[in-house]
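Accompanying notes for the structure given below.
The values are calculated or read from the model by the stated rules, or taken from the named source; none is laboratory data. Note that the coordinates shown come from a computational prediction; the quantities given were computed from them, not determined experimentally. Here the Cβ positions follow ideal geometry from the backbone for every residue, glycine too, while neighbour counts run over all protein chains shown.
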Amino acid sequence: MRIENDILIPELARLLAEGKEVRFTPSGVSMRPFIEGDKDSVVLSPLDSSPKKGDLLLAEANASDGQKKYVLHRLIDIEGVETSEPLYILMGDGNLSGTESCTRTGIIGRVTRIETSSGRTKPLTRGKLWLRLKPHRSFLLKLYRHTILKWLYS
């Protein structure tokens with residue numbers, strides 16, 4: 001059963017604000033190859049410290065077109081660290097361009113675990129390496145789509 005983000009995300013935010021851990025299954029392909037939408041689930045925890053580059057965050061963000069939307073993306077940069085209100089720049093692992101931004105108040109939670117439908121836990125550290133491979137994403141994502149995905153789901 002799919003629940004609309006406008007209903008689901010505020011409820012997740014409420015539970016996280018109470019200090020609870022929450023699990024949900026995200027949709028979409030923007031986090032490939034590390035999160036398969038509608039298959040993998042993520043566990044979110046309240047943000048207990050400042051976000052760091054490489055963290056996976058659920059946030060209400062401003063897209064490059066100015067629209068607000070909920071995203072589960074990786075923190076790739078922090079602008080204005082020395083200010084009282086830094087801007088957090090987010091990008092999906094499966095995206096070749098396009099970012100979103102939010103302030104600290106827009107961050108709803110941090111991913112602490114990714115699990116496959118079979119219950120296997122995926123390591124979070126792979127995504128930090130992925131940040132360094134950004135110039136090669138186009139090739140790597142094409143390889144992933146045309147080989148690994150076909151092998152996994154055929």
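Tell me, which residue of segment 1-31 that is of a type outside the set (Asp, Glu), at pLDDT below 90 and not in a loop (DSSP other than H, G, I, E, B) is farthest from Trp130 (Cα to Cα)?
Ile7
Restricting the first residue to segment 66-85 and requiring it to be touching a residue at least 12 places away in the same chain (Cβ under 8 Å), which pairs with a second residue that is among the hydroxyl-bearing types (Ser, Thr, Tyr) and not in a loop (DSSP other than H, G, I, E, B) meet a Cβ separation below 7 Å and a spacing of at least six or different chains?
Leu75/Tyr88; Ile78/Tyr88
Does Leu47 qualify as being in contact with a Gly (Cβ under 7 Å, 6 or more places away or on another chain), among the aliphatic types (A, V, I, L, M) and in a strand (DSSP E or B)?
Answer is no for this residue.
Here is a list: Thr112, Thr105, Thr116. Which entry is more than 25 Å from Arg2 (Cβ to Cβ) and among the polar types (S, T, N, Q)?
The match here is Thr105.
Among the residues of segment 41-54, is any of a type outside the set (Phe, Trp, Tyr), closer than 23 Å to Ser138 by Cβ and surrounded by fewer than 22 Cβ atoms within 10 Å (Cβ to Cβ)?
Yes: one or more hits.
Tell me, which residue of segment 59-70 that is modelled with pLDDT under 95 and aliphatic (A, V, I, L, M) is surrounded by the fewest Cβ atoms within 10 Å (Cβ to Cβ)?
Restricting to residues being modelled with pLDDT under 95 and aliphatic (A, V, I, L, M), the top hit is Ala63.
Residues in segment 92-106: is at least one of a type outside the set (S, T, N, Q), crowded, with 20+ Cβ neighbours inside 10 Å and in contact with a His (Cβ under 6 Å, 6 or more places away or on another chain)?
Yes, because at least one residue in segment 92-106 is of a type outside the set (S, T, N, Q), crowded, with 20+ Cβ neighbours inside 10 Å and in contact with a His (Cβ under 6 Å, 6 or more places away or on another chain).
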